[in-house]
Amino acid sequence: MAADPNFNDHVFEVARQVPVGRVTSYGAIAKFLGVGNWSRKVGKAMGLVAGIEPYVPFQRVVNSQGRLTGGTSGIEHRAQLLAEEGVTVIGDKVQNFKTVFWDPVKELNFD
DNA sequence: CGGTTGACGGCCG
DNA sequence: ACGGCCGCCAACC
């Protein structure tokens, strides 16, 4: 399956469904979209979120370790945004990740 | 809990 | 077409 132009949009849409004070992982989103091994592509997609609308809470999307990735750029920014939402982040890692983790596959339902 | 290793798949030069 | 590079993940130590 090659690069689906709609894939990014799906990623963004799922990211928007993440409740405040919660986070999800690249793999969880990829899995939800039915492409569990495209997790990297999800990460790439998040890199394009800057400036698009509606706003995509990319700060709520981390890796499976609850770690904010993307080099060192913007991590502090994301950490602060999460902190304001009630998610404690120390350094580049989400504290109590297991509790704040939000899995779209299990918790996201369609109206 | 943190650091490392192996593997999968797509992407860029 | 080819080789090297990832904003990953799971398993291991």
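The values are calculated or read from the model by the stated rules, or taken from the named source; none is laboratory data. Please read all numbers here as calculations on a predicted model, not as lab measurements. Methodologically, a virtual Cβ is constructed for each residue, glycine included, from the backbone with ideal geometry; neighbour enumeration extends over all protein chains shown. The area values use the complete protein model at the heavy-atom level, side chains included, leaving out ligands, DNA and RNA. Shrake-Rupley method; radii C 1.70, N 1.55, O 1.52, S 1.80 Å.
Within chain A, what whole-number % of the accessible surface is contributed by carbon and sulfur, with the 1.4 Å probe and all protein chains included in the calculation? Display every interim value, and only then the final one.
Details: 3290 of 6620 Å².
Carbon with sulfur: 50 percent of the solvent-accessible area.
Whole number in Å², please: accessible area per residue of chain A, 1.4 Å probe, ligands, DNA and RNA not counted. Intermediate values should be presented prior to the final figure.
Values: 6620 Å² over 111 residues.
About 60 Å² of surface per residue is accessible.
Among the chymotrypsin sites (Phe, Trp or Tyr not before Pro) within the range A:53-111, which fall in a DSSP loop and have no more than 15 other Cβ atoms within 10 Å of their own Cβ?
Working: sites: A:Y55, A:F58, A:F97, A:F101, A:W102, A:F110; in loops: A:Y55, A:W102, A:F110.
Of the chymotrypsin sites (Phe, Trp or Tyr not before Pro), the ones in loops of the range A:53-111 whose Cβ has at most 15 other Cβ atoms within 10 Å are A:Y55, A:F110.
How many percent of all Cα-Cα pairs in the range A:7-100 sit more than 22 Å apart? Could you put the intermediate results ahead of the total?
Details: 817 of 4371 pairs.
Tail of P(r) above 22 Å: 19 percent of Cα pairs.
Once Rh is set to the Kirkwood radius over Cα pairs, what Stokes-Einstein translational diffusion coefficient, in µm²/s, holds for the range A:55-111 at a temperature of 37 °C and a viscosity of 0.692 mPa s?
Numbers: Rh = 11.9 Å.
Rounded, D is 275 µm²/s.
Just name one of A:G70, A:A15, A:M46: the one whose Cα is farthest towards the positive end of the charge dipole of chain A (beta-carbon charges, Lys/Arg +1, Asp/Glu -1).
Of A:G70, A:A15, A:M46, it is A:G70.
Please compute the length gained on full extension between A:E76 and A:V20, using 0.36 nm multiplied by the number of residues separating them and subtracting their Cα-Cα distance. Working shown, then result.
Working: separation 56, 0.36 × 56 = 20.16 nm, distance 1.81 nm.
Computed gain between A:E76 and A:V20 is 18.4 nm.
Under a point-charge model restricted to the Cβ atoms of Lys and Arg (+1) and Asp and Glu (-1), what is the dipole moment magnitude of chain A relative to its Cα centre, in debye to the nearest 20? Kindly include the intermediate steps, with their values, before the conclusion.
Numbers: 12 positive and 11 negative charges, 87 e Å.
Here chain A has a charge dipole of around 420 debye.
So which residue, out of A:A30, A:A15, A:A83, gets the largest mean-square fluctuation from a GNM of chain A using Cα contacts under 10 Å as springs?
Evaluated over chain A, the most mobile residue of the options is A:A83.
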